Structures are given as C-alpha cells and as structure tokens.
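Colleague: Here's a structure for you.
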Amino acid sequence: MGMGHRSGAFAAALATAAAVHNAEASNPVIIHVDDDAPAGGDGSTWQTAFNDLQDALDLAGLYQGQSTVELRLADGLYTPVPVVHEQSGLPLDLTDNSADGFVLSAFTPIGTASVSLTSGIGSGFKLLGGYAGLSLPDAPGVRDADQFVSIISADRLRDDDPDEQPGTEAAPFPLPVSSTRNDNAATALTIRVPTGTVVLDGVRLQGATGEGDNGHAVSIDSYNFWWRSERSPTLLLADSRIERNSGAFGVALHANRASIAMSGVVVENNVADGLDRTDSWFGALVRQDVM
C-alpha cells in the first residue's frame, strides 16, 4: 500500500476478518474507526474499532467485487503514519512530498497476482465521518458532522502551522527546511478503484502538500484506459470541507478516468499554482483527466 511497514501477523488478521465478513456478503460490510480506540481492534463494532484509518482501508480493499463497504469514522484527527522502510523499519525522508497519505485500493497487489481491472469494491464504498464513537460510550452511533469532526490530514507529524501555506510568496516551493509542512504527504486520501461508486460524506480533508502534478486533497484513479471509460468509477463528495491543501492543479480533487459529483462541499484556504484560488480556474482546484 505504500503506507509503511505492515507485519505478516497484521496481514493475516485482515484476511481472517475479511473471511468472517464474507460469510454475510449479501449485507453491507460496516467497519468502525475511532482514533480513541485501543490497539488491536478488528473494526466490527465501536468497542473494537480500528484506531488507524489505514488499517480500515486495507480491510475494505479486500472486498473487491464482493460486498458494499461502509466505513464509519468517529470524531478525531487521522494522519498517516510516517513512512518507514519495508526491510529496515527505519523512517524514510519525511521531506518527500510525493508520497501518498491514506490509500484505498481495490487492486490486487502487483507481485502476488494479476492486477484486477474488472471488479470494484462490490457496488460501492462509503466513508462516513461525523460519528460520536467512543466519545459517547452509551451512544457511539450518533452522527453529527458539525459536532463530531472527522479530519483526514496529510500531516504525518501533526505539526502544521495553520498560518503557513506552501506555494505562496510567503512560503515558496521548494519548501524551506524550517517549514512545518515538510513532512506532509502529497495527498490526504488516494482512491484506486476500477469501477463502482465511492462516497465521501461528512469529513474534512487537510494538509496535502505537493509540487508539479502532486498535491491533492483527494485523488481517484481507475487505471482504466479511455476505451474502458464506461466502467470507470464515480466519486460522490458530500457535506465535507477541503481546506489548507497546496499543489499545482486539482489541489482539492483530482480524478483520473473517473466521474465526480459534489454537494454541500466547502473548499477554502487552498493554494493552487501559487495562488489562493476560490474557483476552478484552469483546473486549479478540481481537475479531471479522461485519457
């Protein structure tokens, strides 16, 4: 997944959890995530929620072509773990702003089997933020995205200065050594699915920092060729906020061979192509590639 070291034991746990869920494949799979949950959860209930969003996304990716997946995200700040070397386990250079943040992928990993180009994640995937989670132990399923804020951030070290916006005259690229955004990933959330519908609802996406073609709060790529466009996925983004991201083009949303639709989305304080853009000028905030 490119998200750092994942142990064999963890992979086995994911496979076991997927097998259990698949026993009821006719029903939507519900995965719970709460950053206040203790370690070792399997995501099946709020009491046993994953505390790492990437763990939940890894599990969701195992359902390619089998089940609709609904990931419920509790109030909290979710940031990708600092990237580590797969063999040594030592941290990689955190000044590499080309790395992905969180990743949802419905493709079979290259090297283990052929890459799937025919099956998405069942009929769809939903990532729903704004749940109370363990902050309301007696009613963790209460959902109010204004009261219970679910933030998906590319800030791997959780040290961003909210007043610093890379790409502006005050903080030009390349980033100075002193920048609090040096450790940030290029994307907050990357989605790689060949088909199906992906819904993001009630979340805040922050901190993506990249140069050139990098730097997207959300990036969705179907990896389909143009003659397969009828099978491409659709991204529906609703009642969410995209803020404080920096890049060149498509800084809020980049769709490659995918359809997009937005409703009730606030896009503000993002820097695209060195300017504080409040519209979609020349694809600065939203970019869709079809080839």
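Every number here is computed from the coordinates shown, using simple stated rules; none is lab data. Because the structure is predicted, anything quoted here is derived from the model rather than measured. FYI the Cβ positions are ideal-geometry reconstructions off the backbone, even for glycines, and counts take in every protein chain you see.
Colleague: Which of Leu136, Leu200, Leu62 comes first, and how do the rest follow, when ranked by fewest Cβ neighbours within 10 Å? Can you show the working numbers first?
Modeller: On the way: Leu136 15, Leu200 28, Leu62 19.
Final ranking by Cβ density, sparse to dense: Leu136, Leu62, Leu200.
Colleague: Under the Karplus relation 6.51 cos²θ - 1.76 cosθ + 1.60, θ = phi - 60°, what is the ordered set of whole-Hz ³J(HN,Hα) values for segment 192-204, x standing for Gly and Pro?
Modeller: Residue by residue, segment 192-204 yields 10, 9, x, 8, x, 10, 10, 10, 10, 9, x, 10, 10 Hz.
Colleague: Most exposed first by the Cβ proxy, i.e. fewest other Cβ within 10 Å, how do Val265, Val81 rank?
Modeller: Values: Val265 16, Val81 12.
Least crowded to most crowded, the residues run Val81, Val265.
Colleague: Starting from the Cα of Leu77, step 7 Å along the direction of its Cβ; do the same at Asn27; then give the gap between the two resulting points in nm.
Modeller: In this crude label model, Leu77 to Asn27 measures out at 3.6 nm.
Colleague: Count charges around Pro137 for me, please; just the other residues with Cβ under 12 Å from its Cβ, Lys/Arg as +1, Asp/Glu as -1. Could the numbers behind the result be given before it?
Modeller: Working: positive: none; negative: Asp34, Asp36, Asp138.
Residues near Pro137 contribute -3 overall.
Colleague: Continuing with this model, one more query. Listing Val218, Val149 from the residue with the fewest other Cβ atoms within 10 Å to the one with the most, what is the order? Spell out each step's value before the answer.
Modeller: Details: Val218 27, Val149 16.
Ordered by Cβ neighbours within 10 Å, fewest first: Val149, Val218.
Colleague: I would also like to ask the following. What is the extension gain from Gln288 to Asp163, computed as 0.36 nm multiplied by their sequence separation minus the C-alpha to C-alpha distance, in nm to one decimal? Display every interim value, and only then the final one.
Modeller: On the way: separation 125, 0.36 × 125 = 45.00 nm, distance 2.91 nm.
Extra length available between Gln288 and Asp163 comes to 42.1 nm.
Colleague: A further question follows. If you take the beta carbon distance between Ser44 and Ser178 as r and set R0 to 30 Å, what does 1/(1 + (r/R0)^6) give as a FRET efficiency, to the nearest 0.05? Don't jump to the answer; show the numbers that get you there.
Modeller: Values: r = 44 Å, r/R0 = 1.47.
With a Förster radius of 30 Å, E is 0.10.
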